[in-house]
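Below is one structure, written out as structure tokens; the observations come after it.
The values are calculated or read from the model by the stated rules, or taken from the named source; none is laboratory data. Please read all numbers here as calculations on a predicted model, not as lab measurements. As a convention, Cβ positions derive from the backbone with ideal geometry for all residues, glycine included, and neighbour counts pool all protein chains shown.
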Amino acid sequence: MMRAQQAIAFGDNLGYLPPHHYDQIFTAHGVIMIFFVAMPLVTGLMNFVVPLQIGARDVAFPFLNNFSFWMTTFGAGLLMVSLFVGEFAKTGWLAYPPLSGIAFSPDVGVDYYIWSLQIAGVGTLLSGVNLIATIVKMRAPGMTLMKMPVFTWTALCTNVLIVAAFPVLTAVLALLSLDRYVGTNFFTNDLGGNAMMYVNLIWIWGHPEVYILVLPVFGIFSEVVSTFSGKRLFGYARWSTRRWSSRSCPTWSGCTTSSRWARAPASTPSSGSRR
């Protein structure tokens, strides 16, 4: 729908989607794709495969696993409600202020966005803690860390990133909700806040999120290719996985270099990290 709108909207032809509908579809695409399709697929696969690979009967905390599943499900359902009650958020999937502030988005779409992502984010965090405990404490006798399959290693690194990054998402959404409900001004430039602080905080979570999604895929690819080719992985697969994970957090500032709010010094860390 978005690509069709972009293809036909030129000159005097405004296309078939009004601007506010286009913004809602654009936001819904990003939020649903990342939080409620990609993340549940990755988490579900890790929950299924990791215990089998390390010789465990189940995850370390089955109740916590079930609780995190229903939190994610409830968060997804709450987000879908905004498609029928009020309007979906029109802020883009990262909800940058001031667009997500009460002045520019007085409708309930951003509220549903905040609530659903807070609930689903806590569920993902609990799942990360559970899988780390499973890998560290429930391996079969004789299976050391360096003997674990590469997918289990990518799962371990992924969940370490989840535990490190998702509290930042929870905190920044809490600050945004205070701006909307209580009248604080954390991200309001005119009243002493700083909208760029939101950009920095959201990408401290957002850049590791890229690796959270891609590392398990690397693990799947490595396992499949190794199995069907009949050859063992060579090189330093486990060390490279840890290297990728460690690089995911310091390079977040690279995502702000193209921002019109970022000054020149903001690009310094990213320029060094990408060489």
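General remarks:
- Any chance Ile102 is modelled with pLDDT under 95, assigned to a helix (DSSP H, G or I), aliphatic (A, V, I, L, M) and on the phi < 0 side of the Ramachandran plot: no
- Selection count where residues are touching a residue at least 40 places away in the same chain (Cβ under 8 Å), among the aliphatic types (A, V, I, L, M) and surrounded by fewer than 19 Cβ atoms within 10 Å (Cβ to Cβ), scope region 77-93: 2
- The condition of being outside any helix (DSSP H, G or I) and more than 24 Å from Thr134 (Cβ to Cβ) holds for only one of Ala89, Ala28, Ala60, Ala4, that being Ala89.
- Check on Phe67, assigned to a helix (DSSP H, G or I), within 30 Å of Gly219 (Cβ to Cβ), aromatic (Phe, Trp, Tyr) and without any contact (Cβ under 8 Å) to a residue 40 or more places away in the chain: no
- Complete set of residues in region 41-64 that are within 17 Å of Ile212 (Cβ to Cβ) and surrounded by 19 or more Cβ atoms within 10 Å (Cβ to Cβ): Val42, Thr43, Met46, Asn47, Val50
- Residue check for Leu201: under 17 Å from Thr91 (Cβ atoms), at pLDDT below 95 and not aromatic (Phe, Trp, Tyr): yes
- Tally of residues being under 13 Å from Tyr96 (Cα atoms) and in a helix (DSSP H, G or I) across region 190-222: 10
- Exclusive hit being farther than 30 Å from Lys231 by Cβ, among the β-branched types (Val, Ile, Thr) and over 14 Å from the mean Cα position of the chain (by Cα), set Val150, Val129: Val129
- Residues (crowded, with 16+ Cβ neighbours inside 10 Å and either free of Cβ contacts under 8 Å to residues at least 12 places away in the same chain or over 13 Å from Ile202 (Cβ atoms) (or both)) located in region 164-183: Ala164, Ser177, Asp179, Arg180
- Checking Ala165, Ala174 one by one, the residue that is closer than 24 Å to Thr72 by Cβ, in contact with a Cys (Cβ under 8 Å, 6 or more places away or on another chain) and among the aliphatic types (A, V, I, L, M) is Ala165 and no other.
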